[in-house]
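Taking it in order: structure first as structure tokens, then the write-up.
The values are calculated or read from the model by the stated rules, or taken from the named source; none is laboratory data. Small disclaimer: the values here were computed from a predicted structure and weren't measured. For neighbour counting, all protein chains shown are included, and Cβ atoms are generated from backbone atoms with ideal geometry for every residue, glycine included.
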Amino acid sequence: MNDTALMLTTDMKLVLGLVGFTMVMFLFERIRADVVALVVLVLLGLTGVVAPEDLFGGFSGNAVMSVIATMILGAGLDRTGALNRLAGWLLRRAHGIESRLLLFTSAVAGLNSSFMQNPSVMALYLPVASRLSSRTGLPLSRFLLPLAIAIVMGGSLTMVGTSPLILLNDLLVSSNANLPSGAATLEPLHMFAPMPIGLALLGAGLLYFRFFGDKQLERYDVDRGVTPARTQSYFAQAYGIEGDVYELTVSADSPLVGMSLGEAEALRNAPLLLALKTGNESRLAPPADARIWVGSVLGAMGGKQQVADFAQNNFLRMSTRLRTFGDLFNPSRAGIAEAVVPPTSQYLGKSQAELQLRKQYGISLLAVNRDKTVHRENVRQLALRAGDMLVLHGIWTDLAQAAENKDFVVVTDYPKGEQRPHKFKLALSIFVVTMLLALSTRIPVSIALMTGVAGMLVAGVLHIDEAYAAINWKTVFVMACLIPLGWAMDSSGAAAWIAGHTIERLPEGVPLVLLEIALGLLTTIFSLVIGHVGATIVMVPMGINLALAAGGNPTGFALMVALSASNNFMTASNPVMSMITGPGGYQSKDLWRLGAPVSLIYLIVVVIAVNIMF
């Protein structure tokens with residue numbers, strides 16, 4: 001590379017500055033990731049680094065369409081009750097043998113993640129793991145970490161299993177416009193190109209927990225023996241939520257007359273107020289501003305003595321028989337459930353008072369489990385964080401409707417919205433045809449996947465509104481906004497400049513394998529800071545240019561980056577890992593202790609496999 005090619009231009013400085021800005025913003029999380037991505041997109045347009053006609057190309061790219069399609073296809077399979085069948089099948093196949101059940105569950109989840117987005121697979125398997133745990137008595141922590149690692153590793157089986165691999169082909173194609181003269185054109189990888197690597201990774205993960213990791217989980221007992229049976233005794237043990245439901249009728253002398261429900265809840269030693277009847281209207285999870293009048297009936301949950309004292313102090317008539325709320329509190333219709341807040345949630349930084357869950361959805365927030373500390377006092381004012389475990393009470397259909405927004409993932413098994421088990425064979429047939437189309441090199445993967453989406457909609461497996469609800473628009477928006485940053489890294493020459501200077505400063509004769517290891521480690525570090533999508537967009541152009549400068553295979557180096565972007569098993573910055581910390585009771589030290597060896601194994605397997613393939 002000559003000196004002219006290595007000169008740092010104004011465009012390069014702008015692009016590298018935007019990369020640094022993105023890293024800082026993502027690291028400190030003062031501004032939401034999708035807002036940061038939008039700011040970066042706008043700055044790329046205002047500075048002219050990316051041409052106006054190309055600026056919004058990420059929104060119509062194959063990568064974004066593929067991500068949307070995989071989310072909808074996964075929702076279609078779930079709607080047919082596929083996972084209920086799967087849980088029963090796993091239990092039958094395991095024949096009651098604990099190690100076999102853990103192995104089968106992780107293996108099947110890993111295979112499922114080859115055609116669905118990893119967070120979506122984890123969201124689908126949380127209730128499955130809960131169901132298996134409650135049936136077998138095994139702690140939930142024994143299931144979740146092996147399950148999460150298998151899902152991440154299984155995502156490497158196909159080019160649609162993870163966002164980095166979905167992005168890779170678009171980045172490979174766009175880099176062709178900036179290759180030096182004489183360099184061979186980079187071809188996109190076919191659907192199952194990474195399968196040998198994915199099988200090796202999944203096998204390594206399963207073996208790790210079979211012979212080492214599971215013993216560590218058993219030894220450290222990260223969930224302190226709490227089982228997720230989700231029964232009344234479980235919530236009493238884990239959260240101190242105990243007692244029965246009583247009806248309290250408000251008398252004319254009661255000081256509660258004219259109070260709002262929120263004011264009544266704030267009274268000293270008040271029980272949980274879960275229902276309210278005023279006039280002819282009975283409502284579960286009434287809003288905090290609902291008024292209490294003479295003759296109103298409150299549905300209160302707590303210990304008998306606590307509720308009796310509250311009734312006596314406030315001139316309320318207490319009844320142990322549910323004449324008013326019997327139907328509302330029927331366990332088949334309503335109950336208590338646990339849900340975890342994912343890192344993509346709109347609820348982050350907001351309190352129950354701001355979210356108005358009772359007014360919006362008719363569900364009550366009873367407690368929050370954060371880092372093994374249960375918050376019950378003044379829980380309405382607590383700002384929520386990623387990984388928080390919420391204890392909710394409401395009607396099951398209301399809970400299912402609220403969960404459709406993907407702002408929390410319910411880990412308790414409960415009766416959800418309309419299921420279509422009679423569409424199972426049809427949905428499976430459509431999915432198989434979709435995969436066969438994706439195998440064809442003549443049809444782009446995005447078109448093949450969208451064909452499956454259209455098939456499920458036409459066949460009635462999903463309704464169009466359910467398809468919209470299945471899409472995590474924040475993930476799609478972040479990806480679409482950051483894709484032009486990757487183009488700018490390449491077209492401005494910033495990636496080539498970094499690669500050239502890196503090679504110049506290395507001793508002569510450095511083996512390519514050491515460069516690959518360094519590239520994999522750097523990408524992993526980037527993914528800890530700016531997430532796996534951001535790391536892929538920034539590092540793939542750098543990997544291609546590094547390969548060109550060092551005489552390596554650009555496609556192999558790019559694939560190394562895309563795979564390494566998912567190599568994060570130690571922190572909650574990985575969306576899959578953040579989803580299991582609350583339900584599994586894992587602390588940061590648990591993730592580092594058990595996840596760091598897996599990351600090392602992951603890197604070794606990827607380096608060896610990529611060198612064999614390329």
- Task: Only residues that are farther than 29 Å from Asp54 by Cβ and of a type outside the set (Val, Ile, Thr): list them for the stretch 453-466, please.
- Result: Gly455, Met456, Leu457, Ala459, Gly460, Leu462, His463, Asp465, Glu466
- Evaluate the following for Lys359: is it farther than 23 Å from Pro127 by Cβ and in a loop (DSSP other than H, G, I, E, B)? no
- Some residue of the stretch 69-85 being out of contact with any helix residue (DSSP H, G or I) (no Cβ under 8 Å at 6 or more places or on another chain) and not in a helix (DSSP H, G or I): no
- Query: Quick one: would you say Gly262 is small (Gly, Ala, Ser), closer than 22 Å to Trp396 by Cα and not in a loop (DSSP other than H, G, I, E, B)?
  - Reply: no
- Message: Take the conditions modelled with pLDDT of 70 or more, part of a helix (DSSP H, G or I) and closer than 17 Å to Leu138 by Cα and apply them to Leu206. Does it pass?
- Response: no
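Yes/no matrix, rows are residues, columns are (1) without any contact (Cβ under 8 Å) to a residue 12 or more places away in the chain; (2) in contact with a Phe, Trp or Tyr (Cβ under 8 Å, 6 or more places away or on another chain):
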{"residue": "Gly509", "(1), (2)": "yes, no"}
{"residue": "Thr555", "(1), (2)": "no, yes"}
{"residue": "Met560", "(1), (2)": "no, no"}
{"residue": "Asn568", "(1), (2)": "no, no"}
{"residue": "Met577", "(1), (2)": "no, yes"}
{"residue": "Ile604", "(1), (2)": "yes, no"}
- Task: Only residues that are within 21 Å of the chain's Cα centre (by Cα) and closer than 14 Å to Leu274 by Cα: list them for the stretch 366-404, please.
- Result: Val391, Leu392
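Okay, residues lined up against (1) of a type in the set (Val, Ile, Thr); (2) assigned to a helix (DSSP H, G or I); (3) touching a helix residue (DSSP H, G or I) at 6+ places or on another chain (Cβ under 7 Å); (4) surrounded by fewer than 22 Cβ atoms within 10 Å (Cβ to Cβ):
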site: Met116; (1), (2), (3), (4): no, no, yes, no
site: Val121; (1), (2), (3), (4): yes, yes, yes, no
site: Val128; (1), (2), (3), (4): yes, yes, yes, yes
site: Arg142; (1), (2), (3), (4): no, yes, yes, no
site: Val152; (1), (2), (3), (4): yes, yes, yes, no
site: Ser156; (1), (2), (3), (4): no, yes, yes, no
site: Met159; (1), (2), (3), (4): no, no, yes, no
site: Ile166; (1), (2), (3), (4): yes, yes, yes, no
site: Asn176; (1), (2), (3), (4): no, yes, no, yes
- Residue set Leu55, Leu38, Leu44; condition hydrophobic (A, V, I, L, M, F, W, C) and farther than 21 Å from Ile166 by Cα; output residue Leu44
- Reported set for the stretch 251-298 where residues are of a type in the set (Ser, Thr, Tyr) and either buried (at least 19 other Cβ atoms within 10 Å of the Cβ) or within 23 Å of Leu357 (Cα to Cα) (or both) is Ser254, Ser260, Thr278, Ser282, Ser296
- Query: Could you count how many residues in the stretch 211-266 are of a type in the set (Asp, Glu) and modelled with pLDDT of 85 or more?
  - Reply: 4
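Go through the stretch 495-540 residue by residue and tally those that are in a helix (DSSP H, G or I) and either on the phi > 0 side of the Ramachandran plot or touching a His at 6+ places or on another chain (Cβ under 7 Å) (or both).
Residues that pass the stated criteria total 1.
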- Query: Within the stretch 20-34, can one find any residue that is free of Cβ contacts under 8 Å to residues at least 24 places away in the same chain, of a type in the set (Lys, Arg) and closer than 30 Å to Ala547 by Cβ?
  - Reply: no
- Message: So Ala402 passes all but one of these: (1) in contact with a helix residue (DSSP H, G or I) (Cβ under 7 Å, 6 or more places away or on another chain); (2) buried (at least 22 other Cβ atoms within 10 Å of the Cβ). Which condition number does it fail?
- Response: (2)
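Results for (1) among the charged types (D, E, K, R); (2) touching a residue at least 40 places away in the same chain (Cβ under 8 Å); (3) farther than 27 Å from Ala270 by Cα, shown as yes or no for each residue.
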| residue | (1), (2), (3) |
| --- | --- |
| Thr320 | no, yes, no |
| Tyr347 | no, yes, no |
| Leu357 | no, yes, no |
| Arg376 | yes, yes, no |
| Gly394 | no, yes, no |
| Ala403 | no, yes, yes |
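Residues are listed down the side, and each one gets a yes or a no for (1) modelled with pLDDT of 90 or more; (2) surrounded by 15 or more Cβ atoms within 10 Å (Cβ to Cβ); (3) touching a Cys at 6+ places or on another chain (Cβ under 9 Å):
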| residue | (1), (2), (3) |
| --- | --- |
| Ala386 | no, yes, no |
| Leu390 | yes, yes, no |
| Gly394 | no, yes, no |
| Lys423 | no, yes, no |
| Thr434 | yes, yes, no |
| Leu437 | no, yes, no |
| Met450 | yes, yes, no |
| Leu462 | yes, yes, no |
| Tyr468 | yes, no, no |
- For Leu428, are the conditions met, namely being of a type in the set (A, V, I, L, M, F, W, C) and buried (at least 18 other Cβ atoms within 10 Å of the Cβ)? no
- Residues of the stretch 266-302 that turn out to be in contact (Cβ under 8 Å) with a residue 60 or more places away in the chain and either outside any strand (DSSP E or B) or of a type outside the set (D, E, K, R) (or both), as a count: 10
